Structures are given as structure tokens and as C-alpha cells.
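Shown next, in C-alpha cells, is the structure this report addresses.
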Protein chains: 2
Amino acid sequence: MDISSYLEDYGKKAKKASYLMACAGGEKKNEALAKAAELLKERAGSIIAENEKDLKNAIENGIRPQMIDRLRLTEKRIDDMATGIHQLVGLKDPVGEVIGGGRRPNGLEIIKKRVPLGVLGIIFEARPNVTCDAAGLCVKSGNACILRGGKEAILSNLAIAKVFREALALSGLPEDAVQLIDNTDREIANGMMKLDNYIDVLIPRGGAGLIKNVLINATVPVIRTGTGNCHVFVDESADQDMAVNIIINAKTQRPSVCNAEESLLVHKNIAGEFLPKIAKELISRNVELRVCERTAEILKKAGIEQFVPATEEDWATEYDDLILAVRVVDSCDEAIDHINRYGTMHSEAIITESYENGKRFTEQVDAACVYINASTRFTDGFEFGLGAEIGISNQKLHARGPMGLEELTTVKYIINGEGQIRK
Amino acid sequence: MDISSYLEDYGKKAKKASYLMACAGGEKKNEALAKAAELLKERAGSIIAENEKDLKNAIENGIRPQMIDRLRLTEKRIDDMATGIHQLVGLKDPVGEVIGGGRRPNGLEIIKKRVPLGVLGIIFEARPNVTCDAAGLCVKSGNACILRGGKEAILSNLAIAKVFREALALSGLPEDAVQLIDNTDREIANGMMKLDNYIDVLIPRGGAGLIKNVLINATVPVIRTGTGNCHVFVDESADQDMAVNIIINAKTQRPSVCNAEESLLVHKNIAGEFLPKIAKELISRNVELRVCERTAEILKKAGIEQFVPATEEDWATEYDDLILAVRVVDSCDEAIDHINRYGTMHSEAIITESYENGKRFTEQVDAACVYINASTRFTDGFEFGLGAEIGISNQKLHARGPMGLEELTTVKYIINGEGQIRK
């Protein structure tokens, strides 16, 4: 099989569709979304039938039980997907907004406006709901997309993509605005990363392995998403009850996600009092503590023995699990240094009653989202009021933090002249 | 030599400096810039002496005469550099601007603000003025930079970087906010492209070969700059005198730059009248015409023989020289298709008196800057009123078109809470 001509075919169709989508008005795009939501519900039975084939194959191939849950579609989940798509209808169309410009001294009128990115490549793992989310966001933002999901979910993904393609066609929009690659070979994903001539932006959605592979191989511009080694720092002036609440929430409410807490830093002046308190709470919730020497001493003195010593590696690890690294620091500055050294520029929190330390922490910590007295778990497009989310960027280019519809646009300058030439 | 520890040393110093620069107020940054401008003038003699050594080496190594001119520094050029740096003082500091946010229903206060990108890597060729421009823009925007210039200009670059480092130190700012790599091996540049842990954004400034090398090798996020295969389309309703003026300007005013015209498209309904007119004007200005068959026929009929037939390759070539590809098209739509197929998404112009075609062209042409009735040569940070320019992006991610100070920033979310946890 000739991979490059196989992919070029997808690329050409997507490019062509992207030009039509860029000019489509909000009404038509909303019509397609409403239609897709309707069809998702109508077809729930046949989508679930395809999903069951995927599940059967996956189980035969020895997939991990954790993955099974992500892969499984139910009537309820399809209903939720349809509701999500329907909510996009009510959001403001980001395309066409004039965000700058003016008349230059020579009379040239410059208009800076938002336009769709063009063709988005989205590579993801075995979660069929991503097909639905990504397709919906692309349609709303006037982009075309080439989706490449994990092989375990291929039949489910194709069934969902088909719904969007039909909805687009029924609304007079190009069905190729949503394409799902039907070949799940790794070579195809690698080829997609180099499809410069057709893909404008690549968004990998998945674990650290996928992201790393994309960074090494892609020549297409990439938005990195996902990795979150998030910290909570309890300053000496912290309201300790508030700190306990926030840490329990940040660590245990949903430990598998990127905005969950992975490390706890505690100011030395309150460590003796605070650490035994929080340790008991966490241990009672089955959290494994990996602690620095000073923490170990304090806990031992308080008669707490359920912890393991932390290694250098622990400070840099995103567990995505009920494990927490714990370290005593001498000052707010040491906390900032630790975070800037080991963090992944995602979400970081300080619990403090000090104006000065709050200000310093938010200014000097180098992360997308920096919190004072709140849980890191709020880093999310819906919680931030964006109305939608395609992922959370932890790079600095283009988008940082939760990405909504606006982040799926770029700008274009329109310049209206009357014959001006440059002198 | 151990390249990775050599580069890590630059990276660590830059990262550390970047945190201090991010918190530096506009006054201090302006003080450093004013000081640098002053020192540039004071040291003009010794900078020129270093530049003469570079020139001598370059000539001995058989550098092309065209390159010599770019490499040479004169009293006047250093004066211009100092003036450029001084102009930055008067520009608005982009850092700290609050560009969004608000109170969420749960009471969380979200503040979205501009912050510096952090550490910029800039790889460029043998133009010492880029050292000065890049260093000045980085200081103003609160970034640290690692500069890697062409080997031919190494002594000039070091002398200029030294001026900035001294100016920073004299103003109480970290001198490592401006570092120039003193080793010009290609291996070092390639290593820089993979310095993910320390460089936030890489901006290559140079020819197509450099840009391509960066795209293939970089794992650091990149902003592509520079390549411009720009078109002027003369519609059937065009004011033909205006079209002649604009084409002469776009093609001949400075043919070596990225916003110069490379291809001319002419509507078939006026081709018989317009092509002989424009051809005579261009030929008299020593422009070589590479033409389609229909153009050739029209020119021959008009007794014009100074042209060569265009090949497929010509439509996709950025000549950066006094050469113009010329093609007759059947319609505005064909012109749009041609541009979207062969263009580089940089600057494209239509000359028309038709409202409909102007609208369609600006909407459907996929480029950073789309002009109606003006020369493509205006795509430039100064002409657009940005007050500065680090390059012209022709990618869609982060920045598109001329990049000024704002494009050297990213965003950061600060979230002020009162103990909120996620439900």
C-alpha cells in the first residue's frame, strides 16, 4: 500500500472541504450540528452494535479492563454525546470576528479577523467519544478534520463519523469536513504527522507516549495537550482546613486526569502541624504517600508509618493514580523553584493568606493556570466558561490552558486599498 | 565536546533569566534598551573592527558578493540599529495586559493575562543586524533569548550581544536574558532545535533551506517565517493603470524580499489588452517573464518576444529576483484555486472594481494577508503599525502575518479562589 498517496487523498478532500467550511455561515453549521445530534440518538442502536464488535475484538486481543470502560458506549453515553453536540449550537460562532485593525496614514484599511485554522489532524486513542467531540468542535469552528483514532475503537468511530458526514451533507455542507481514517496502522499515523501540505495543525489527544511520538515525528505544527504534573503548595499562612479540603479534592476527586494534584509542598513552619492532619485524611482515602526525609520524620513522630520514601523520580512523575509525592520546603521561593523545575506548566496552586506570597507565586510560577486558594481540578474548558473544550494545552504557542472554539481559529488580515504602493 | 551539556548550560541560564525578565517592569526594560542604544553608538568603532575581521574571513572563504553586503556593518548601519532599539522604548509593554476573564458562578475569579513566552531560540544567517533586532525585541517583551547566528558574522554578533548583556546588567536585569552561542557548528544548531526543556519557542529567520531543516528536526515548537510566493490577480473589472502601478511596485521595488510578487494572474477578458501593456513596463525594468501558452500567444500578437515559457515548477517558485511567472485565468475562482494550490499563504492581491469578486477573493484565498487594490509589499510590522517586527509568520498557529511584540507573548490564567473545590 502506498501510504503517501492514501493519505494525500484524505488531505486533498479535507483541504477542499475546509475552504467551503470557512465560508459557511453559522446557521448552516448549527443546522449540521443539530442534525448530527438527532442522528446520534436515532442511530444509537446501530452505533452500539458496532461498539460491541469493537469490544469483542478488544477483549479477544487482551485489552486492559480500564480501557474497556473507556471504549464502551451505552445508550446513556450516546445520549450525553448528543447533548454535548447540541450545546455547541448555542455557542457563539468564533469565525469572522473582527479583532483589530484600522486605517493607516497612507489610507490603507487593515482588518484583522478570526478565520478557521483550516484542516485539523487529530490523533487519539481508543475513546469513541473523542470522535464525536472533535467532529462537533471542528464543524462549529468552520474547520475540516482528519481523525485517526485507536484501532480498538475503529468500528465505533466509523459509525459516529458517518453520522456527522450525513448531517453535513443534509445541511448542504461538504461531508469531507469530517473524515475518519479507516486504516489504523501505526505507519498511517506517522504519515499524518508529516502531511504538511494538507494539515494545518495537529492535536494529539492521549497519553505521554503518543504526545512524545508526535513531537519527535511531526513536521506539521502541533499543539501539545495533556501532561499535568500539578502541585499544591501550602504556605505558612494557609487556612489549614481549606488546604485539607482542596488537597483531598485535587488528589482524589478524579485522580486519572491531567489537572489532578501529583505533588504536595508544605512550608516548614507549619509542616509539623499540617502534615499529620493531611496524611491521615489521605491515607484513609487509600492515597499512597511518597515523602521527603523531613516529611518522614514528622509523620513518624506523629505515629504515622504508612508512607514510602520519595526518589528524585517521584518529583517529576504524573501518577494519574492515588499516589501523592510530599515535600517540605523552606519558603515560598523554594516552592516556586521546585514547581518550575519539576512541573509541566499545567495547573499549580498556592494555599495562602499572604497577599505578597500569592502575588509572587502567580507571577513566578511558569504554568498555564495558577490558582490561589482553589483546587487545580478547575482547569477545564467548561469550568472556565468556554462552553466547549478540545483539550488543555501545556505549551505556550497559540493556546495555553483549556482550548475552546476560539483556539481553533487563526487570524487573517484583509487590506483594502485604493491603489497604494510602497515607497 | 559534549554538545548536550554545552547547550544545557545556555538553556539553564536562559531559563533562570527568563523568570526574572518576566517580572521586570517596563521601566527597567526600557532603561536597558536606552542603554543598549547608547552603547551601540559608543562602541561603533570596535564593533566595526570585529565586523572587518568577519568580512576578511568571509572573503577568504569565498563568500558570495551578495552576502558580503548583508554582512557588512558601517557607522550608518550601526546608527540605524541604535535608532531601532531606541524606538522600542516608546512602544507599549505587551506584558501584563489583562485580555479576558471574569467571575464564574462558583465565585472563582479568572484573569487571563499576557505573559512573555519565556525563552526564545532564534536561528539566523549571516546578518548581524538580526542579533540587534532580536535582542531588542526580546528585552522589550520580557523574554530571554538564545541566539545562534551564521558563522560568517560570529565576531560581529558577539560584539553586539555583549552590548546588550552590559546594558541589561547596568539596568539591574539578568545579562543572560541575551545569550549568543559562540560555537557555530551545525551540530549546535541542530541540538538547539531539540532543547525542549529550556527553549519555549524557536523562530528560524532565513532562507527556505534553514526553515525546512528546522521543521524536520525541531521538537521545540516553531514559528515558521518567511517563504512568500505572492500573487497579484488582475480581475476583468480592474483599473488597469492602477494594476500596472501595483505590479511594478510589488515585483520591482525590492524583489529579494518575501512580500514581493512572484506570479501574475490575469483575467482572460482583459488579457489581450492588459498583458502587452504590463509586459512592456516589466521588460523595460529588466524583469524576465515566464508565461503560460495563452500569455505567449497574446504577447507574440503584440510583437513582444522577450519571454520564456513557464513550466509547472514556475508556478510554485519564489524567485526573490527580477523574474515573474504570468498566467491567464478564466475567472476569479480559477485565480483563487491557483493561489491556494501554489501559494505559500503569505500575501496575495486582487485588483478589481467588483465588490463581489473582492469579497470572494479575500474570503477564499487562504493567506495571512489578502489585499484589494494595493501592493503586497505592505506586509510588514512597521507598515501595519505594530512598531516592530520579528518576522512574518506564514503558519497559522500562534501568529500569522507580521509579528510584533504581542506575538512574543503567551497567556496565563490566574485564578483567585476562596477555597473552591470541584464537585
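Every number in this text was worked out from the coordinates using simple rules, so none of it is lab data. None of the values given here were measured: they were computed from a predicted structure. Neighbour counts run over all protein chains shown; Cβ positions are idealised from the backbone, glycine included.
Any idea what angle helix B:44-60 forms with the longest principal axis of chain B, computed on alpha-carbon atoms, 0 to 90 degrees, nearest 10? Once rounded, one gets 60 degrees.
Ellipticity at 222 nm from helices only: DSSP H runs of n ≥ 4 in the protein assembly as shown, each -39500 (n - 2.57), divided by the residue count, give -14000 deg cm²/dmol. With label points set 7 Å from Cα along Cα→Cβ, the inter-copy distances at A:Glu97 are 1.5 nm, sorted shortest first.
What GluC sites (Glu not before Pro) in the stretch B:306-396 are in a loop by DSSP, with at most 16 other Cβ atoms within 10 Å of the Cβ?
Working: sites: B:Glu312, B:Glu313, B:Glu318, B:Glu334, B:Glu348, B:Glu353, B:Glu356, B:Glu363, B:Glu383, B:Glu389; in loops: B:Glu318, B:Glu353, B:Glu383, B:Glu389.
Within the stretch B:306-396, the qualifying GluC sites (Glu not before Pro) (loop, at most 16 other Cβ atoms within 10 Å) are B:Glu353.
For the protein assembly as shown, give the share of DSSP beta bridges that are antiparallel, in percent and rounded to the nearest 5; count only bridges with both residues there. Intermediate results must be reported in sequence, preceding the final value.
Numbers: 34 of 120 bridges.
Roughly 30 percent of the DSSP beta bridges within the protein assembly as shown come out antiparallel.
Using Cα-only point scatterers and the Debye equation, what is log10 of I(q)/I(0) for the protein assembly as shown at each q in 0.08 Å⁻¹, rounded to two decimals? Reported log10 I(q)/I(0), two decimals: -0.77. The other copies place their B:Glu293 label points at 8.4 nm from this one, listed shortest first, where each point is 7 Å from Cα along Cα→Cβ. Nearest chain A C-beta to the A/B rotation axis, reported as residue and distance in angstrom, is A:His398, 2. The trypsin sites (Lys or Arg not before Pro) found in the stretch B:273-346 that occupy coil by DSSP, while having at most 15 further C-beta atoms within 10 Å, are B:Arg285. Relative to the longest principal axis of the Cα atoms of chain B, helix B:332-342 runs at roughly 50 degrees.
The mean of 1/r over all distinct Cα pairs in the stretch A:230-381, once inverted, gives the Kirkwood hydrodynamic radius of 14.8 Å. For the set A:Lys359/B:Lys16; A:Lys113/B:Lys396; A:Lys212/B:Lys194; A:Lys41/A:Lys151; A:Lys35/A:Lys412; A:Lys162/A:Lys412, the pairs lying more than 21 angstrom apart at their alpha carbons are A:Lys41/A:Lys151; A:Lys35/A:Lys412; A:Lys162/A:Lys412. Spin-label pair B:Ile99-B:Leu322: with each label point 7 Å from Cα along the Cα-Cβ axis, the two points sit 4.3 nm from one another. Loop-located GluC sites (Glu not before Pro) in the stretch B:60-138 (DSSP state other than H, G, I, E, B) with a sparse environment of at most 15 neighbouring Cβ atoms within 10 Å: B:Glu97. Applying the Karplus relation 6.51 cos²θ - 1.76 cosθ + 1.60 with θ = phi - 60° to the stretch B:69-83 yields 3J(HN,Hα) values of 5, 5, 7, 5, 10, 10, 3, 4, 5, 5, 4, 5, 4, 4, 4 Hz, where x marks Gly and Pro. Counted over chain B with a bin width of 10 Å, the fraction of Cα pairs per bin, in whole percents, is 5, 20, 26, 22, 17, 9, 2, 0, 0.
Please find the FRET efficiency linking B:Ile283 to B:Tyr355, where r is the Cβ-Cβ separation and R0 is fixed at 30 Å, and quote it to the nearest 0.05. It comes to 0.35. Largest GNM mean-square fluctuation across B:Ala32, B:Ala153, B:Ala296, computed for chain B with C-alpha springs under 10 Å, falls on B:Ala296.
Shielding value for B:401-412 is 3, the average number of Cβ atoms from other chains within 10 Å of each residue's Cβ. Per the Kirkwood formula applied to alpha carbons, the stretch A:146-218 shows a radius of gyration over Rh ratio, Rg over Rh, of 1.00. Under the simplified labelling scheme, the A:Glu334-B:Met67 pair shows an inter-label distance of 5.3 nm, with each label point 7 Å from Cα along Cα→Cβ.
Between copies, A:Asn57 shows label-point distances of 6.0 nm, shortest first, with the point placed 7 angstrom from Cα along Cα to C-beta.
P(r) tail for the stretch B:307-385, what percent of Cα pairs lie past 21 Å?
Details: 965 of 3081 pairs.
Counting pairs separated by more than 21 Å, the tail of P(r) holds 31 percent.
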